[in-house]
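Every read-out reported here was derived from the displayed coordinates using simple, explicitly stated rules and does not represent laboratory data. These numbers were taken from a predicted model, which means no experiment stands behind them. Note: ideal-geometry Cβ built from the backbone for every residue, glycine included; neighbour counts use all protein chains shown.
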Amino acid sequence: MQVVVTGRHFDVTEGIKTHINDKIAKLGKFHQNLLEAHVILEVSKFRHTAEMTVVGKQMKFTATETTSDMYASIDAAIDSLDKQLRKLHDKVKEHRVRSSSGRIKDIAARILGIRDYWKERR
């Protein structure tokens, strides 16, 4: 996944870049279709803002967090993206399971219904 880090009003250090790359790499455990991550870091007086956008195949997620520490802002934004990706992952997983189990129950009900019908006829 390609990660682009941009700093507004300050220079982004290598430590911050490696911290971001390590954290974003962990987001791939829910979706392998993530293509690009764009991170914008901004400092204005005592506010440190981290804005992250993750783009994947047919999806786009954005998180913005502001704290007094840059690393805390990055971690909070990553947590927000993690929640969004986890929610989508669970939704897709639940949809797949529910649709197949519903069909199996319908088929089983039909088979049992036919058996009950023949029992009544005898």
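Quick notes on this structure:
- Separation of the Met59 and Asn33 label points, Cα + 7 Å toward Cβ, nm: 0.7
- Sorting 43-52, 57-66 by their mean Cβ neighbour count within 10 Å, with the most densely packed peptide first, gives 43-52, 57-66.
- Computed extension length for Asn21-Lys91: 22.5 nm, one decimal, from 0.36 nm per residue of separation with the Cα-Cα distance subtracted.
- Positive minus negative residues near Val3 (Lys, Arg vs Asp, Glu; Cβ under 11 Å): 0
- Relative to the current alpha-carbon distance between Phe46 and His9, full extension at 0.36 nm per residue lengthens the span by 12.1 nm.
- Contact order relative to length of region 2-87, as percent, for alpha carbon pairs under 8 angstrom and 6 or more apart: 26
- The packing ranking, built from the mean of other Cβ atoms within 10 Å per residue, places the peptides 11-17, 1-7 in the order 1-7, 11-17, highest first.
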